[in-house]
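Quick note: the coordinates plus some simple rules give every number you see, no bench work behind them. Please read all numbers here as calculations on a predicted model, not as lab measurements. Neighbour counts run over all protein chains shown; Cβ positions are idealised from the backbone, glycine included.
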Amino acid sequence: MPEIASPTLIVVGDRFGAFADQTSSVTVSGLIERLRAGAHSETTGPGALSLLEGQGVTAYDWDRIRYELKRCGLDGDTVIHRGSRGRLGDHTETHKHRESNVLLAGLTRSSDRTFHAALRLHNDNELQLDHQASHVQGMVVLEAARQMYVAVCERYYTYRWPEHRYGHVFDRLETSFRNFLFPVEASIECEVLRVDLSDPQQLAFDLEVALVQARLRCATVRMVGTALPAPLLERKERRGAERAVRHAATRIAAPPELAAVE
C-alpha cells in the first residue's frame, strides 16, 4: 500500500493573517487555537502532522507551538521544518539597528559578481505594521534590495579601506514589479554590473537586485549609487540641512505675496 503523505501546514506570523485566510496556511495564533480546540487530536503516528515555517515566525513562536503540541500529546507525531536561512545580516552590513527590521540572511557569493541571500521577514518588521493585503508590500521589496546592495558593497568591496566607515547615497533606482511576493520562502539575487574603486573617497556601484519566489522574479531593482566616507557624507548632509533650514525660515519671514510667488 502506498504511503499517504502527511498534511503540511505552512505557519506564518500573525501579521500575515490575510495571506493565511486566502490559503491553506495558518498563523501562529491560529495554529495554537486549533491545537487547543483539538483540531488535530486524531492525527497520530510519527510525522502525521508536518509544519513548515513561513515568514514572520520567531524562535519564541516555535517554543509556544511546541508547548501546545506537547500539551495535546502531538509532539511526537509532528515534524517541524524550519529550514536554514543562514546568518542574519548584521547592522554594519544592512545599516539597521533593530533585528526585526533586517530582511536578509545567509549572504553568499555565487561567482565573481553574483551574490545570493534568503529573504527573512520578521512579524514586526517596520514596513509591515500597517499593511492589510495578503501579499508583502512593495516597500519591503525596495528595502530588501537596499539592504542587499549595502551588504554586498560592505562585505565584498568597502572592507578594503578599514580606515573608512562608508555611507551610501543612491543616484538612481529603477524598479519593475512582475509578480506578487508572499510571506513564504524567497531569495534575493544580486549582480554587480559595474564597480569603480579607483577613488576611495568616492566609490561607484551599479547593481541589479531581484526578489525570486517559486522560480519567478517578483521584482527587479536597478540601483546606482556612491559610497562616501562618513565625515565627507556628513559635511554634505550638513550643508544641505542648513540650506533647507534657511529656505524654510526665509519663506516664513517673507511677505505673504512674495512667499506665494515662490
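Remarks
- Helical contribution to [θ] at 222 nm, DSSP H n ≥ 4, -39,500 (n - 2.57), averaged over the chain, rounded to 500: -9500 deg cm²/dmol
- Nearest 10 degrees, 0 to 90: helix 59-71 Cα axis against the chain principal axis: 10 degrees
- Label corresponding to Cα extents along the principal axes in Å when calculated from the structure given, among (1) 46, 40, 37; (2) 79, 52, 33; (3) 64, 44, 39: (2)
- Structural size metrics of segment 46-182, computed from C-alpha coordinates, are Rg and Dmax of 18.2, 57 Å.
- Take every pair of alpha-carbon atoms less than 8 Å apart whose residues are at least six positions apart; their mean separation over the length of the chain yields a relative contact order of 15 percent.
- Max mean-square fluctuation residue, GNM over the chain, Cα-Cα springs under 10 Å, options Arg120, Arg238, Arg82: Arg238
- Net charge of neighbours whose Cβ lies under 14 Å from the Cβ of Asp112, counting Lys and Arg as +1 and Asp and Glu as -1: +2
- Ranked Ile252, Ile80, criterion: other C-beta atoms within 10 Å, fewest first: Ile252, Ile80
- Fully extended contour minus Cα-Cα distance, from Gln137 to Thr58, at 0.36 nm per residue: 26.4 nm
- The alpha-carbon positions of segment 8-81 define a convex hull whose volume is 75 Å³ per residue.
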